[in-house]
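Just so it is clear, none of the values below were taken in a lab; they were calculated from the coordinates. Bear in mind that the values here come from a model prediction, so they are computed numbers and not experimental data. Cβ atoms come from the backbone with ideal geometry, glycine included; neighbour counts cover every protein chain shown.
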Amino acid sequence: MDRILADFKISYPGFTLDVQLDLPGRGVSALFGRSGCGKTTCLRAMAGLEHARGRLEIAGSVWQDDAQKRFLPTHRRPLGYVFQESSLFPHLTVRGNVEYGMRRIPALQRQVSLDQAVDLLGIAPLMDRKPETLSGGERQRVAIARALASSPRLLLLDEPLAALDAQRKSEVLPYLERLHSELDIPVLYVSHALDEVIQLADTLVVLEQGRIVASGAMAQTLARIDTTLVLGDDTSALLEGTVTERDERWHLAHIAFPGGGLWLRDSGLATESRVRVRVLARDVSIATQEPQATSIQNVLPCVVQAIAPDTHPSQQLVQLMCGESLLLARITARASETLNLAPGKPVWAQVKSAALVG
């Protein structure tokens, strides 16, 4: 399988980026972390906008190799780059902006047609308008379409939704999901917004102070408790499953995942639909015997995998293996001791609440 391989080191006063990446050559990989951790610097190094020391290989093509004194300048790298601000040409219509992206690639080498880029981002009704007449969300969709029209081997999205309010962001996210499902172009997505990352990405890379502290498949990396990935109210696990049943009387849908199933509020999805479910650690409790006569309908047999301190000394995070899937539970340290929890112990996870992603 094609891979994205990068080994970069670059130093500034008070900050050093030192990362080694090995990412899938398909799907969405997210670079996630607090502001100032090095996400954008890493993206700019991939684009050749920052001349980091090291090596970069995209699907077998070497774009940079300092040992061989090879460095492709930005204009020769077949990539698309979308920034926080759309940076559209104000004097061109939407059509003119998107067609501008196609000029970099000879017609015979184009992998993405104009119609395909327009359709994927849903901008057909906007083609004759000028950027100044568009909403922020519309401008970002046009900017992404323009980047796709250049038939990139790699698409870099640098916090493309950061400047949008919640409503505009919700308008753009479904189009980004379409890129994920309908294109073979690998996407590197930079964000410090966990909800975006959980909705879009297959692979998660967590940066902290210029270094990678966790990397891997989204669900497994999100549920790790040996890093400072996300502590606090956002600590959560991700389950990937399928809608298998809908209970019309109670307006519920059953989501089956490797290791169990959950009943959630029915959002109208058809059976066999693939979905992602986010379960917050604060919404999971633990019992050592199967609960009886409880209002909590989602009770899953699990095995304790690991236990770690949370942000406050009164709390602990417990990692649970439910079949092939991971859950997290936040409980008090006193409860953990009272229940005599330890790795390998079979328990029951009570999921008080869960939500479909997207």
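Summarising the label geometry, the points placed 7 Å from Cα in the beta-carbon direction at R211 and L339 lie 3.4 nm from one another. Principal semi-axes of the equivalent ellipsoid, √(5λ) from the alpha carbon gyration tensor of the range 236-356, are 27, 14, 13 Å from largest down. Dipole of the chain computed with +1 at Lys/Arg Cβ and -1 at Asp/Glu Cβ about the Cα centre; of S295, S353, Q68, farthest Cα towards the positive end is Q68. Site pair E50 and T294 shows an inter-label distance of 4.7 nm when each label is modelled 7 Å from Cα along Cα→Cβ.
Using the Cβ-Cβ distance between H75 and D226 with R0 set to 41 Å, the FRET efficiency from 1/(1 + (r/R0)^6) comes to roughly 0.45. With only the Cα atoms considered, the chain has a convex hull volume of 163 Å³ per residue. Full extension of the chain segment joining A193 with R110 gains 26.6 nm, where the gain is 0.36 nm per residue of separation less the Cα-Cα distance. Considering only F83, V118, S215, the residue lying farthest towards the positive end of the dipole of the chain is F83, judged by Cα position with unit charges set on Cβ.
Dipole size of the chain about its Cα centre, with +1 on Lys/Arg Cβ and -1 on Asp/Glu Cβ: approximately 860 debye, rounded to the nearest 20.
Given their separation in residues at 0.36 nm each and the Cα-Cα distance between them, D234 and A355 gain 42.3 nm when the chain is fully extended.
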